[in-house]
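The values are calculated or read from the model by the stated rules, or taken from the named source; none is laboratory data. Note that the structure is predicted; figures quoted are calculated from it, not measured. Ideal geometry is used to build each Cβ from the backbone, glycine not excepted, and the neighbour counts take in all protein chains shown. Quick note on the areas: whole protein, heavy atoms, side chains included, nothing else; ligands and nucleic acids left out. Shrake-Rupley method; radii C 1.70, N 1.55, O 1.52, S 1.80 Å.
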Amino acid sequence: MPKLFILLGFAAAALLAGYWGLLFLMQRSLLFPAPGVEGAPPRPFDAEQVWLAIGVGQIEAWFLPPTPRAVGLSPLIIFAHGNGELIDFWPAAFDEPRRWGFAVLLVEYPGYGRSAGYPSEATITQGVVAAYDWSQAHPGIDPSRIVAYGRSIGGGAACQLALRRPVSALVLESAFTGVRPFARGFGAPSFLVRDPFDNLAVVREYPGPLLLLHGSHDEIISPSHSEMLAAAAQQAELHLLPCGHNDCPRAWPVVHDFLERHELLPKQTR
């Protein structure tokens, strides 16, 4: 019997090690299921295609100017989308803040769409930082009014940008506290996570205003994640919306009020 228990113990350990190894190898394909560009909407006529150089090659971004074009410098929203999306899907969603006088920079992830490289926390962070640095040299952008906005996995990108560059405000929609809690849900230890996106650690240190938007019926990322982020932040407000994860309309009235209270709107729209 002792030998049998020992053999069973070795077999269980081998199965567990194999499962963990499979998760380690497959996690990026699960975390970053990049869609194809076939059938994606065309780039709008007024969107400027921007190529940003990072360590794994050139990545694409689309710059959307304010409408109508501002007389002075415009504040900017740098947007990072969800893991199953492309920048191609997003221009029309930002028509409203463009009417307020905001410019928008939609940043593609490495390995997504027409961008070179592969997605990871490190390469995605390089991409949003490169986008921020590009915006600082743009003659029409107010470098003191940059808003980082991330949806779902894009919340991790926005947080990493806020950690590395001074952003005036942070907007997180349907965001998580980090990837490690999901790994534990799959029975994997935290040390196996290659791309942790520890948003909780970032918001604890972020000194600026934070807006959290989350669907109250979200079954992919529980709204409890945003509740924990709000509790950890230095100055945050949380709005729960009557939707799930992928069916939430943009809460532009809430965003407008948030930006207005923090004096980030263009002067003519206040």
Review point. Which condition number in (1) among the basic types (K, R); (2) touching a Gly at 6+ places or on another chain (Cβ under 9 Å); (3) surrounded by fewer than 24 Cβ atoms within 10 Å (Cβ to Cβ) is the one that R180 fails?
Key: (2)
Check your understanding: Which residues, counting only those in the stretch 152-167, are assigned to a helix (DSSP H, G or I) and surrounded by 22 or more Cβ atoms within 10 Å (Cβ to Cβ)?
Key -> I153, G154, G155, G156, A157, A158, C159, Q160, L161, A162
Review point. How many residues are under 19 Å from the mean Cα position of the chain (by Cα), in contact (Cβ under 8 Å) with a residue 40 or more places away in the chain and either part of a loop (DSSP other than H, G, I, E, B) or farther than 28 Å from D257 by Cα (or both) if we restrict to the stretch 184-204?
Key: 5
Practice item. Give the residue, chosen from D88, D95, D142, that is over 23 Å from N199 (Cα atoms), part of a strand (DSSP E or B) and at pLDDT 95 or above. Key: D142
Revision key, fill the gap. Per the list (1) assigned to a loop (DSSP other than H, G, I, E, B); (2) open to solvent by 20 Å² or more (accessible area, probe 1.4 Å); (3) modelled with pLDDT under 95, residue check on P207 breaks on (3)
Practice item. May I ask you to say which residue of L170, L265 is crowded, with 16+ Cβ neighbours inside 10 Å, within 20 Å of S74 (Cα to Cα) and out of contact with any strand residue (DSSP E or B) (no Cβ under 7 Å at 6 or more places or on another chain)? Key: L265
Practice item. Taking H217 as meeting all but one of (1) surrounded by 19 or more Cβ atoms within 10 Å (Cβ to Cβ); (2) of a type outside the set (F, W, Y); (3) modelled with pLDDT of 95 or more, write down the number of the exception. Key: (1)
Review point. Of all residues in the stretch 109-132, which are among the charged types (D, E, K, R) and either in contact with a His (Cβ under 8 Å, 6 or more places away or on another chain) or over 14 Å from A158 (Cα atoms) (or both)?
Key: R114
Practice item. Could you grab me the full set of residues in the stretch 38-85 that are open to solvent by less than 30 Å² (accessible area, probe 1.4 Å), in contact with a Ser or Thr (Cβ under 7 Å, 6 or more places away or on another chain) and in a loop (DSSP other than H, G, I, E, B)? Key: P66, G82
Practice item. Hey, could you check the stretch 122-146 for residues that are in contact with a helix residue (DSSP H, G or I) (Cβ under 7 Å, 6 or more places away or on another chain) and surrounded by 18 or more Cβ atoms within 10 Å (Cβ to Cβ) and say which is nearest to L210 (Cα to Cα)? Key: I146
Review point. Quick check: anything in the stretch 227-248 in a helix (DSSP H, G or I) and either open to solvent by less than 10 Å² (accessible area, probe 1.4 Å) or among the aromatic types (F, W, Y) (or both)?
Key: yes
Check your understanding: farther than 25 Å from P242 by Cβ, hydrophobic (A, V, I, L, M, F, W, C) and more than 12 Å from the chain's Cα centre (by Cα) - does that describe any residue in the stretch 170-183?
Key -> yes
